[in-house]
1. So which pairs qualify, if the first residue must be in segment B:168-187 and closer than 28 Å to C:HIS298 by Cβ, the second must be charged (D, E, K, R) and surrounded by 13 or more Cβ atoms within 10 Å (Cβ to Cβ), the Cβ gap must be under 9 Å, and the two must be at least 6 apart or on different chains?
2. Consider segment C:360-380. How many of its residues are modelled with pLDDT of 80 or more and touching a Lys or Arg at 6+ places or on another chain (Cβ under 7 Å)?
3. If we keep just the residues of segment A:322-337 that are of a type outside the set (A, V, I, L, M, F, W, C) and under 16 Å from A:GLN381 (Cα atoms), which is modelled with the lowest pLDDT?
4. Does A:ALA77 fit the bill of being in contact (Cβ under 8 Å) with a residue 12 or more places away in the chain and more than 12 Å from A:TRP116 (Cβ to Cβ)?
5. Inspect segment A:150-173 for any residue being at pLDDT below 70 and out of contact with any Phe, Trp or Tyr (no Cβ under 7 Å at 6 or more places or on another chain) and give the result as yes or no.
6. Any chance you could count how many residues in segment C:306-328 are facing chain B (nearest Cβ under 9 Å) and either in a strand (DSSP E or B) or out of contact with any Cys (no Cβ under 6 Å at 6 or more places or on another chain) (or both)?
7. Quick check: anything in segment C:336-358 within 22 Å of B:SER106 (Cβ to Cβ), buried (at least 21 other Cβ atoms within 10 Å of the Cβ) and either modelled with pLDDT under 75 or within 12 Å of chain B (Cβ to nearest Cβ) (or both)?
8. Considering each residue of segment B:112-142, count those that are within 14 Å of chain C (Cβ to nearest Cβ) and without any contact (Cβ under 8 Å) to a residue 40 or more places away in the chain, and give that number.
Amino acid sequence: MADNGIGTSHQANTALIQASNLECKNLYDYLRTRPSTLLDRLYNHPAICLAVYRELPEIARQYVIRILFVEQPVPQAVVASWCHQSYSKEHTHVCQVLSDLFVWHEAPIPGGLPGWILNSTFKRNLKTALLGGGKPWSMSSALEADNKARDVSFLDGYSAERWECVLHYMVGSQQQEGISADAVRILLHAGLMKRDEDDGSPVITRQGFQFLLLDRQAQVWHFLLQYLDTVEQRGLDLGECLTFLFQLSFSTLGKDYSTEGMSQGLLIFLQHLREFGLVYQRKRKAGRFYPTRLALNITCSQNKGVPVLEEDAPKGYIIVETNYRVYAYTDSNLQVALLGLFTELLYRFPNVVVGIITRESVRQALRGGITSEQIIGYLKQHIHSQMLSGDNKNALPPTVLDQIKLWELERNRLIYSEGVLYSQFLSQADFNALKQYAQQTGCLIWSNKEKRTMVVNKTGHDDRKKLEIEECVKIYPNIYNRNLPNEIWCDDADHEHCIEAFQRFCPRHFIIDMMFVKSTTWPVCQF
Amino acid sequence: MQKAQNKLAIMACHSKISKFVYPGPGKPLDIRQVDGQYEVFTLVEKTVKQNLMKILTTETSTVYTESLLAGTIAMALCYIARILRTKTPGLKINSRILTVTGSGDSASQYMNYMNVFFTAQKQNVVIDVCALDQHLSLLQQGCDITNGLYLRIPQIQGLLQYLLWVFLPEPPVRQKLVLPPPVKVDYRAACFCHRELIDVGYVCSVCLSIFCKFSPICTTCHTVFKIPGPLTVKSKKKKIKL
Amino acid sequence: MADDEDPKEYRWETGYEKTWEAIKEDDDGFLEASVAEIIQRAKRKRQQNKQVNSKLGMMRHLYVVLDCSDAMSAQDLKPTRLLCTLKILENFIEEFFDQNPISQMGIIIMHNKRAERICDLGGNFRKYIKTVNGLTKTALIGEPSLQNGLELALKSLKLLPSHASREILVIMGSLTTCDPSDINKTISMLKHEGVRCSVVGLAAEVHVCRQLANETGVDPPPAAVCLESSLIKMGFPHQMIVEGTEEPLTMCMCHVDSTEEGSKLTTGGYYCPQCYSKYCELPVECRSCGLTLVSAPHLARSYHHLFPAASYREIEFDNQSLNCFACQKIFSEADKQVYLCSNCQQYFCLDCDIFVHDILHTCPGCATNPTTFQMFQSQM
């Protein structure tokens, strides 16, 4: 299913050409980076507690709900016994997550054993979200019925249109009206677009491409996170905005909410949300707004793929055949443009677009920075329901998927690493000693015992040089380090020893005529 | 609460009828956020309270017969089948049925129970049972067949605790947590004449009714049986020939 | 199970069926409505064809005689006839034991003019599925011998008590058979013993097979008159848990003779009530005392054949009820017909009708009505 970027952020990339990939944080990662004072403030609102609760790992949720109604601290040993022996690693991970988020903290119980107790604010507010009895959320005072009420399908259309405006702008198809300067600023800040050197207009980046291929929920969430980063600069309060955002995500689709009682900052925030299509307001000054589907459950970017149960999930429209042909039953320019990123479009009809996946088209996408997982994820996400109803396991032809992955691997056949070649060792013992040393310090790239050659990376090389000089100086007391860090000099009195030292430690050396240079030092070559 | 995509249905059943309490018939109530509670929860609470009130007040007879639990589970299975039919293809759903009951077991619903359990097994629906009062051997068999959990609550004050601890996690998570182990279930059959559990019995080959001792006529299907003497001797002889 | 051609006409002799004319466009030029109607009608027809309310034999002993000659390596069924047949046979075995949990099955293969018994009659279906998987490696050589296969099966079926139904299912892929003597004698012997044979032919129809099937019985298998009804002695083992003590470690009897896995030494298991020998799984026939051991759910699985759910009547939808009683689906324009249960007077939708009669076998309306829920009181 769509890769939300969590995997890409952990990609270990040993190539010298470091590819920077799109990093999408989930709620846990985001909150972890916030200061704990902010978290304390945030936990005063039931909506945030509920959102955080939902994003916890499965076992953590069970733990929390079990001790939600318990007033005293619970011994850690007891909590550890709740989890099965074979899953103890998960247990420790989960305890770590809960501590990082300040959901619980350690507290000693009478008797001295360490125990866990839930953060009292969090506990209180989670109970409120569950059972009621607290203050009403900010946007929900009673309203008279709206005589121009909007129904769900209108809201869906509206939100799709607004959001696609942003995406169209990124892709560069200039059909609809452009987006506001604010939105462009956010895109630039997020690294999804960058200012082109020639004419200063924004141009999409590698991460931008990857962003386009994510599923809608993940896109909204990522975008909002970037927006929240810039919120402080605009003079809005981060805590307030976050609270409002989460309250919005728990509202009911199709119902209107009042703007009464919202602060100025929140109203500005609301206008921005209106622009991105998360809420609908008839006029700027209207006293009510409707949340759209994009705003609902925005933190649920972690669930693997398929969104909701009802019939209103976005319909899949792509069919992939085993002869690498792709048929997309759509007429949206955006979707056609996205497909064009990695397929070669052949024909276009009023309701179908036919393309073919070729090596060239995929390589072009790979060059642009899209990974094969993202291509596959995008195809899987928008797959036509007809293909799914046949065989659940292999909805897409495995030959095509494997080939896309192979085309990506082709580019990784050669890995470039800069290094230094050591050859012409005088003895096997030297070679072995040095190789072992290089392996221990982890800078050995390649070695060949028969030819007594090895390649060490630059840092190792520098380290080694220092080591060699130290050793040389240790053995031959009249040789010392001077001038450049990779030169050794020697007094003329010991020049036989010097020559021996040079032969041993330096691959190349010159001996300047002794007669000519009367100085007391003999230069040595670099090594 | 656990996941945004989880869906819930609640049914109530007693000796006369069984009904869906949530989602109730008709349109959902109009809920306003008043006290900090998540709106969906408020909706569930209010709907359940309203519909339960309706059921309890319209039921006026004082005759105590047993609850028709098997039929209610059958309705729940039809509901689950409908959801499975109309879902988007490729979506995986774990469905389960939790039965909270205080009434006793009865053999008169045996057939219905068995049909329902086998259907649940086929549809991969897990049936959990929370028994408040008596031990329910029939429902326990059902939990065993469908890989569910059977729990008899010792103290009623701890009901919430038991529900949260044992029945909240969904089946894939249950293997990670330490939960009450399944008890060995007694699968002996009861004879049709005395309703006693028997070890060795006689089964009519036509209608499969079980009797504890031999009788020449089957009481359910009225088939006449051959006298057993020569029959068993014949089969013994055949075995010796082998 | 029997041959599928109608004796009256061959397929190529019937006229053209203009199936494309069945689909008509409605006023807006959409085909959906008429296609949906066709689907509904097909569903309903399938439903009705299953309403055979007859006495069925419960304990069935079936021998599957499989043709493993070189005709089975033909590739008209992908990947080869044999592999295709084995795959389908696996499904059949599962369904068979699902519907008839107390029956037994055996497997015989015919190749190289001989017949070989692969599996004896038994009730452990997992073993059969494993065996069938292993059959993919058999060498397909020579010609099949129908007579040898039938006689081998008959040898074991003869010994069974008469209350059990005896059946043979032959899967033939070749067009010839190479028999040692007159096959008609074998056929008459089968008829005499009351063994019902069915044939599935993968190639063209062979006269001998047709004759075999016709002489020995017609499908579907109702309880034949010659089946004697008798009371079968059965045991219902339970776990024998004595409070406070642990179960003793004992060896199980079911694996004592098997060559692959030795007898297992375990604490849990089922003890035969007569002789206390232990078995790992039910149902099984006790080796020491001959008692059939089952557990109550196994018998219960077959009850639905005997006490089927009441069938529903089809009625035109006329707003009789707002929603389907079972699944709470709101009736809409697309449901032209609703279904009424004559017992409990509740309305159901088409999908629930199929679900109830195929899988559930209990009408939810009848089961939740205090006057109709007791099925045992109804007369057979």
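The values are calculated or read from the model by the stated rules, or taken from the named source; none is laboratory data. Note that this is a predicted model, so its numbers are computed, not measured. A quick note on method: Cβ atoms are made from the backbone with ideal geometry, for glycine too, and the neighbour counts reach across all protein chains shown.
1. B:PRO171/B:ARG96; B:PRO182/B:ASP144; B:VAL183/B:ASP144; B:LYS184/B:ASP144; B:VAL185/B:ASP144; B:TYR187/B:ASP144
2. Here the count works out to 0.
3. A:GLN335
4. Judged against the criteria, A:ALA77 is not a match.
5. yes
6. Of the residues in segment C:306-328, 5 are facing chain B (nearest Cβ under 9 Å) and either in a strand (DSSP E or B) or out of contact with any Cys (no Cβ under 6 Å at 6 or more places or on another chain) (or both).
7. no
8. So the count comes out to 8.
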